[in-house]
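Enquirer: Below is one structure. I have some questions about it.
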Amino acid sequence: MRLIGAGGRPGGEGPVLTTAWTLPNLVTIVRFLGVPLFVWFITQQRYGAAVTTLVVIGSTDWVDGYLARRLNQVSVVGKWLDPVADRTAMIVVAVTFVVDGIAPAWLVWTIVIPDLILIVNALVLFRGPLHLPVITVGKIRTALLLVGAPLLLLHEVEGFEQEWIFVLAQAMLAVGCFLHLVAFGAYFIAAHRKYRLERAEQQSCPP
């Protein structure tokens, strides 16, 4: 069983369903619903419950992709809903951590600014969202952030204030943010390559 990569939604394997009502998409919606619940737990300083919610949010990233492959339920909606859920959860969790004083501000800037640049870049080049194949660096990045964030929060729970948990969480988040920048560069270059290819194809076609 593949752990890294199971959460991806491959576009070229098997049929792509047009219906939105699939089991993987329902799991992805659970991830969306878990985000405001996580924020509420943090505002109430119920860090134990917030850790559990964060683990559920992270695990759904693997579960929905695994189900999509296993059940042949890759869908058009799922191909954009899954990464949107990832980005939303990642940004909201990072902002919540920084606002609550759990993590330093660099966590937000490293995650949010590259994503904003990619969004603006896609709007300028393609006049809309751009869906590129998920690269391995991006998968590893997501895995590190989804594990490092609950660990960092676990350090705030009574009885888990050990220094090694804090150091391990910080290290995983730092490496995850570095890979986020690497993935940003790769996606930025891929977007411009795709744009040039499409322009070349348009110019080569007879009027």
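Enquirer: Counting only helical runs of four or more DSSP H residues, what would the 222 nm mean residue ellipticity of the chain come to if each run contributes -39,500 (n - 2.57) and the total is spread over all its residues?
Expert: Rounded to the nearest 500, the figure is -26000 deg cm²/dmol.
Enquirer: Under a plain spin-label model, where a point goes 7 Å from the Cα along Cα-to-Cβ, how far apart in nm are Ile117 and Val182?
Expert: Distance between label points: 1.7 nm.
Enquirer: First obtain the Kirkwood hydrodynamic radius of segment 92-207 from its Cα pairs, then insert it into the Stokes-Einstein equation at 37 °C and 0.692 mPa s, and state the resulting D in µm² per second as a whole number.
Expert: The Stokes-Einstein estimate is 205 µm²/s.
Enquirer: A follow-up question, please. Report the net charge of residues surrounding Asp115, where surrounding means a beta-carbon distance below 13 angstrom and charges are Lys +1, Arg +1, Asp -1, Glu -1.
Expert: Every neighbour counted, the sum reads +1.
Enquirer: With a 10 Å cut-off between alpha carbons and a GNM built on the chain, which of Asp61, Asp115, Asp100 moves the most?
Expert: In this elastic network of the chain, the residue with the biggest mean-square fluctuation among Asp61, Asp115, Asp100 is Asp100.
Enquirer: Something else: If the elastic network links every pair of Cα atoms under 10 Å, which of Pro83, Pro104, Pro24 fluctuates the most in the Gaussian network model of the chain?
Expert: Its mean-square fluctuation being the largest, the pick is Pro104.
Enquirer: Using a 10 angstrom cutoff on alpha carbons, build the Gaussian network for the chain and name the most mobile of Thr53, Thr136, Thr96.
Expert: Thr136
Enquirer: Also, quick follow-up: Give me the distance in nm between label points sitting 7 Å out from Cα along the Cα-to-Cβ direction at Lys79 and Leu26, one decimal.
Expert: Each label point lies 7 Å from its Cα, and together they span 2.4 nm.
Enquirer: Right, here's the next one. Of all GluC sites (Glu not before Pro) in segment 53-161, which ones are in loop regions per DSSP and have a Cβ with at most 12 other Cβ atoms within 10 Å?
Expert: Glu158, Glu161
Enquirer: Taking Cα pairs under 8 Å and at least six residues apart, what relative contact order does segment 23-201 come out at, in percent?
Expert: 23 percent
All of the numbers you see were taken from the coordinates with simple rules; none came from a lab. Quantities reported herein were computed from a predicted structural model and do not represent experimental measurements. Virtual Cβ from ideal backbone geometry, glycine too; neighbours counted across all protein chains shown.
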